[in-house]
Each structure stands twice: as structure tokens, then as C-alpha cells.
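What follows is one structure encoded as C-alpha cells, with my remarks underneath.
The values are calculated or read from the model by the stated rules, or taken from the named source; none is laboratory data. Everything numeric here is computed off the predicted structure, so don't read it as measured data. Neighbour counts are summed over all protein chains in view; Cβ atoms, including those assigned to glycine, are modelled from backbone coordinates with ideal geometry.
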């Protein structure tokens with residue numbers, strides 16, 4: 001299941017900050033039409049910290065309904081409370097999610113044993129494939145290789161979304177992992193290097209905007225067409241960089257707004273880009289003919 005491009009979907013909002021269901025459904029269609037392998041609603045890119053649990057589940061429900069089985073939906077149901085993560089994951093399973101994305105607990109910063117017990121408890125309680133999400137820049141805690149390897153022994157822990165930014169750590173995991181564990185890049189700009197080292201794909205922010213181009217890069221790499229993959233990577237690299245001129249998902253939502261796909265609305269504490277950064281994003285959208 002965990003091979004290729006999985007789009008970390010934004011959550012479109014109306015002007016009153018309610019969920020823009022029409023825009024969300026249209027975005028799902030756009031992604032599937034352009035050939036992505038799967039969809040990941042309500043991760044960081046989907047502004048999960050600022051939606052309620054009921055809204056989280058409703059967003060997952062909309063995406064599952066619109067996808068209608070054409071691609072797997074990997075539901076973002078993580079939390080720094082293990083009980084909350086179990087509850088939301090069970091609800092996502094009932095709705096028909098194909099897998100769940102479980103972020104490392106943030107703020108309370110458990111030790112490695114606590115991380116192991118957190119993910120294992122969810123895997124025991126909810127019979128769905130689980131993607132473990134390592135992003136220490138946001139959570140304050142790195143999931144170390146030995147913990148990943150312990151978790152990989154559980155049949156429901158089937159993938160790792162690796163966003164540590166550390167190529168040595170990625171290589172360590174790839175060298176030691178069992179074949180049952182897929183490793184996906186959590187950074188678009190490191191997707192190609194990770195795949196060439198043995199990774200399976202990417203959970204992508206940029207594919208919200210240019211899904212066909214990201215699919216081309218990843219499929220070329222996976223199929224051994226390295227010159228084509230390298231050319232695609234360098235063509236997309238300015239886009240990858242532009243998506244992090246400010247905190248994700250501020251730039252990608254602004255770019256989607258420029259493309260006419262979502263309204264320019266965030267929930268606090270996120271707020272619009274500075275004017276200089278808006279111009280950078282607008283230029284990338286023009287250069288890549290995304291609008």
C-alpha cells in the first residue's frame with residue numbers, strides 16, 4: 001500500500017473558518033485525477049492542531065466519501081494523548097480509512113519507551129495499518145532507530161513517515177529495517193535521496209499544487225529512470241523550498257489560493273504570509289504554470 005506519492009491534504013476553510021467541503025472534495029478529485037497513490041487528510045498540513053476532534057473526523061469522512069475507494073485514505077488521527085489517538089483512530093476505521101497516520105506525541109515529550117508504548121497501544125487497539133510519523137522539529141522528540149525497529153515487529157506498524165531531516169538517520173533505518181516496513185519521506189526536498197537509498201515514496205506537501213509532477217519524479221525514481229527523476233527533482237526544487245518560506249501549511253494554502261482552489265483562510269495562530277513571501281510564492285506558481 002505504501003508506495004508512491006501520498007498527498008498531505010490541506011484543509012480548506014470558508015471565510016467564517018468552517019470547513020469548505022466543496023473545495024475539499026474538488027481537491028480530492030484533482031489529486032486522484034493526477035495519479036497520486038493515496039491521500040493523507042488532517043496531518044500537519046491539514047491544520048490538525050486547530051480543528052476539533054469532531055471536525056477532524058468529519059474531514060476524514062469527506063475525503064473517504066469523495067475518494068470512494070479509488071485510492072487509500074490514511075487518516076491523520078494522532079495525538080499526544082494515547083487515549084485520544086485510539087478513539088479517533090477507531091472512529092476513522094469505522095468510516096473506512098485504509099490506514100492511520102500517528103505523529104510522535106508532542107509537548108509532553110515521552111522517552112523512547114513511552115514512544116514505543118504509545119504507538120504499540122494504538123496498533124493493538126485499532127486493527128489498521130499504521131504510519132508512524134517522526135518529525136522532531138515539531139514534536140521536540142526524535143524517534144530513534146532502535147525504537148522504530150521495535151515498533152516494526154508489530155504487524156500493524158507498516159510504514160514510517162521520516163521527517164527528521166537527518167540523512168544519516170534515514171540511512172540507518174533503511175539499512176536495518178525489515179522488508180515489511182515502508183519508509184516514506186516527510187520532506188519533499190529529500191524524497192528523491194530517500195527513494196534512491198531504499199525508501200518507498202513521499203508524503204508530500206507540494207503535491208497539493210503539482211501532483212502530476214511529483215508523481216512523475218517519484219515514479220521515475222522508483223522505476224530506475226534516474227536521469228528523469230533527477231531532472232524532475234531539480235525542476236521542482238524551487239517549489240519545495242517555497243513551501244517552507246514560512247510555517248507549513250501557510251505557503252501551500254496561499255499557493256492554492258493563487259491557483260483558485262481554496263480561499264485564503266487559516267485558523268489562528270496561523271496567519272497570512274508577509275508580502276515579500278507572497279511574491280515569492282506567486283512567482284513559483286507562475287514559473288511552474290500551476291495557475
Out of (1) touching a strand residue (DSSP E or B) at 6+ places or on another chain (Cβ under 9 Å); (2) under 23 Å from residue 5 (Cα atoms); (3) surrounded by fewer than 21 Cβ atoms within 10 Å (Cβ to Cβ), the one residue 173 does not meet is (3)
All-but-one check, residue 102 against (1) assigned to a helix (DSSP H, G or I); (2) in contact with a strand residue (DSSP E or B) (Cβ under 6 Å, 6 or more places away or on another chain); (3) within 17 Å of residue 131 (Cβ to Cβ), failing number (1)
Output yes when any residue across the stretch 151-164 is more than 16 Å from residue 198 (Cα to Cα), in contact with a helix residue (DSSP H, G or I) (Cβ under 9 Å, 6 or more places away or on another chain) and in a helix (DSSP H, G or I), and no when none is. yes
Scan the stretch 79-94 and give yes if some residue there is assigned to a loop (DSSP other than H, G, I, E, B) and under 12 Å from residue 53 (Cβ atoms), otherwise no.
yes
Being closer than 30 Å to residue 154 by Cβ, touching a residue at least 40 places away in the same chain (Cβ under 8 Å), crowded, with 18+ Cβ neighbours inside 10 Å and in contact with a strand residue (DSSP E or B) (Cβ under 6 Å, 6 or more places away or on another chain) is the requirement here; does residue 204 meet it? yes
Of the residues in the stretch 1-47 that are part of a helix (DSSP H, G or I), under 18 Å from residue 78 (Cα atoms) and modelled with pLDDT of 95 or more, the one that is nearest to the chain's Cα centre (by Cα) is 45
Filtering the stretch 176-201 for residues that are closer than 28 Å to residue 86 by Cβ and touching a strand residue (DSSP E or B) at 6+ places or on another chain (Cβ under 7 Å) leaves a count of 10
The one condition residue 262 fails out of (1) under 20 Å from the mean Cα position of the chain (by Cα); (2) over 19 Å from residue 9 (Cα atoms); (3) not in a helix (DSSP H, G or I) is (2)
Taking the stretch 169-201 and keeping residues part of a helix (DSSP H, G or I) and closer than 16 Å to residue 230 by Cα leaves 188, 189, 190, 191, 192, 193, 194, 195, 196
Looking at residue 262, is it free of Cβ contacts under 8 Å to residues at least 40 places away in the same chain, crowded, with 16+ Cβ neighbours inside 10 Å and within 29 Å of residue 49 (Cα to Cα)?
no
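Can you tell me which residue is nearest to residue 39 (Cα to Cα) among those in the stretch 207-216 that are in a helix (DSSP H, G or I) and out of contact with any strand residue (DSSP E or B) (no Cβ under 7 Å at 6 or more places or on another chain)?
Restricting to residues being in a helix (DSSP H, G or I) and out of contact with any strand residue (DSSP E or B) (no Cβ under 7 Å at 6 or more places or on another chain), the top hit is 212.
Output the number of residues of the stretch 119-147 satisfying the condition of being under 22 Å from residue 72 (Cβ atoms), assigned to a helix (DSSP H, G or I) and more than 18 Å from the chain's Cα centre (by Cα). Talk me through it step by step, then tell me what you get.
Residues of the stretch 119-147 that are under 22 Å from residue 72 (Cβ atoms), as a first pass: 119, 122-135.
Next cut, assigned to a helix (DSSP H, G or I) only: 119, 122-125.
From what's left, more than 18 Å from the chain's Cα centre (by Cα): 122-125.
So the answer is 4.
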Only one of 238, 251 is touching a helix residue (DSSP H, G or I) at 6+ places or on another chain (Cβ under 7 Å), assigned to a helix (DSSP H, G or I) and in contact (Cβ under 8 Å) with a residue 40 or more places away in the chain, namely 238
